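Everything on this sheet refers to the single structure shown next.
The values are calculated or read from the model by the stated rules, or taken from the named source; none is laboratory data. Just so we're clear, the structure is a prediction, and the values are computed from it rather than from any experiment. Quick reminder, even Gly has a Cβ in these numbers, built from the backbone with ideal geometry, and neighbours come from all protein chains shown. For the accessible areas, the whole protein counts, side chains as well, though only heavy atoms, and no ligand, DNA or RNA atoms are used. Shrake-Rupley method; radii C 1.70, N 1.55, O 1.52, S 1.80 Å.
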Amino acid sequence: MIRKALGICTGAIIIVVAGAACVFAITPQSTNASPLETAASSAKTAVVNRAIDASGVKTAVEDSLIAHARDISSATGISTTQVQNVIESLDIDDWQAVTLPADAAATTTISGSAAGVPASLTTYSDPNYVTISAYGQNIDLAVPASAQQYLPMLACAAA
């Protein structure tokens, strides 16, 4: 029951964020990228961040989580107040699309679906990054320090 509830919430978040930026693919930065490739990657990242901000997806994700706080609480046994505190600590407004470092080592991939769309979230040994994959696109995101402590919980949801 807990796994299913967390999986649904995680899947919904993945789909919403990926859907907002599905037009753009951000590729890993090569260690020997030319200045032109670096500039192009930076430009794509800036466009994705603007698209995410303009879409209101961050607010939609946070609102959806808050709206389901009671359900998450029931499924996990954590008080609703604690769930709301975790949601606030995720600092969703500060998540930004970035170029994933070429040496990033994946540690966990959580797959699921929401609204019939398959998606996955990949975490890395460096907790500063996650990758969301949906709609045939990968979106690499920088994770705010306040949210990094909660990434291992996602792996528990998939177990």
Exercise. Could you give every pair whose Cβ atoms fall below 9 Å, whose first residue belongs to region 88-111 and is within 22 Å of Arg50 (Cβ to Cβ), and whose second residue is outside any helix (DSSP H, G or I) and open to solvent by 60 Å² or more (accessible area, probe 1.4 Å), counting only separations of at least 6 or pairs across chains?
Worked result: Ala97/Phe24; Val98/Asn128; Thr99/Thr27; Thr99/Pro28; Leu100/Thr27; Leu100/Pro28; Leu100/Asn138
Exercise. Which members of region 17-63 meet the condition of being within 17 Å of Asp91 (Cα to Cα), of a type in the set (S, T, N, Q) and either modelled with pLDDT under 65 or exposed (fewer than 15 other Cβ atoms within 10 Å of the Cβ) (or both)?
Worked result: Thr59
For this session: Among the residues of region 101-120, count how many are open to solvent by less than 30 Å² (accessible area, probe 1.4 Å) and over 26 Å from Lys44 (Cα atoms).
Result: 1
Problem set entry | Complete set of residues in region 72-100 that are open to solvent by 40 Å² or more (accessible area, probe 1.4 Å) and part of a strand (DSSP E or B) | Gln96
